[in-house]
Amino acid sequence: YGDHRYINADDIWYFQADNNSTDIYLNSGDMITAFKTLKHFEQVLSYPFIRIHNSYIINRSYIARIHNGNSVCYIKNSTKKIPFSKTYKSNVDLIITDFSAGNYLEV
């Protein structure tokens, strides 16, 4: 509607689909609603944003923990748990592989 808001990608935790709009959650705790579909954001975003669920795209930089048994990703410095689905399990496996190759300690 002529309202343009510019957000630093580093400040985005994750995107959550909400019918034909998308809620964008920021590391400040704020939430912004964009009147575009999650599919739109999936097409225009690249690394470190990864689709992990039909309703979620997550910023890989903010993942603190991945629990395969419960199918959730935990957000750093937060109590938020983002679910991932079997459909996007290969993307989650890529995140795990990426972390394993980096300078991270798996416990």
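Quick notes on this one:
- Taken as a whole, the condition of being touching a His at 6+ places or on another chain (Cβ under 7 Å) and surrounded by 16 or more Cβ atoms within 10 Å (Cβ to Cβ) applies to Tyr88.
- Under the condition of being loosely packed, with under 14 Cβ neighbours inside 10 Å and outside any helix (DSSP H, G or I), the residues counted in the stretch 6-17 number 3.
Residues are listed down the side, and each one gets a yes or a no for (1) open to solvent by less than 70 Å² (accessible area, probe 1.4 Å); (2) at positive phi; (3) among the polar types (S, T, N, Q); (4) in contact with a His (Cβ under 9 Å, 6 or more places away or on another chain):
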{"site": "Ile24", "(1), (2), (3), (4)": "yes, no, no, no"}
{"site": "Asp30", "(1), (2), (3), (4)": "no, no, no, no"}
{"site": "Ala34", "(1), (2), (3), (4)": "yes, no, no, yes"}
{"site": "Leu38", "(1), (2), (3), (4)": "yes, no, no, no"}
{"site": "Arg51", "(1), (2), (3), (4)": "yes, no, no, no"}
{"site": "Ile57", "(1), (2), (3), (4)": "yes, no, no, no"}
{"site": "His67", "(1), (2), (3), (4)": "yes, no, no, no"}
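- Verdict on Ile52 being assigned to a strand (DSSP E or B), among the hydrophobic types (A, V, I, L, M, F, W, C) and in contact with a strand residue (DSSP E or B) (Cβ under 7 Å, 6 or more places away or on another chain): yes
- Test: residue in the stretch 58-70 that is assigned to a helix (DSSP H, G or I), in contact (Cβ under 8 Å) with a residue 40 or more places away in the chain and out of contact with any strand residue (DSSP E or B) (no Cβ under 6 Å at 6 or more places or on another chain): yes
- Restricting the stretch 40-49 to residues that are in a helix (DSSP H, G or I) and not polar (S, T, N, Q), the residue that is most open to solvent (accessible area, probe 1.4 Å): Val44
- Residue check for Ser78: small (Gly, Ala, Ser), surrounded by 13 or more Cβ atoms within 10 Å (Cβ to Cβ) and part of a helix (DSSP H, G or I): no
The values are calculated or read from the model by the stated rules, or taken from the named source; none is laboratory data. Given the structure is predicted, the values throughout are model-derived calculations rather than measurements. In this analysis, Cβ positions are derived from the backbone assuming ideal geometry, glycine residues included, and neighbour counts consider all displayed protein chains. With ligands, DNA and RNA removed, areas are computed over all heavy atoms of the protein, side chains included. Shrake-Rupley method; radii C 1.70, N 1.55, O 1.52, S 1.80 Å.
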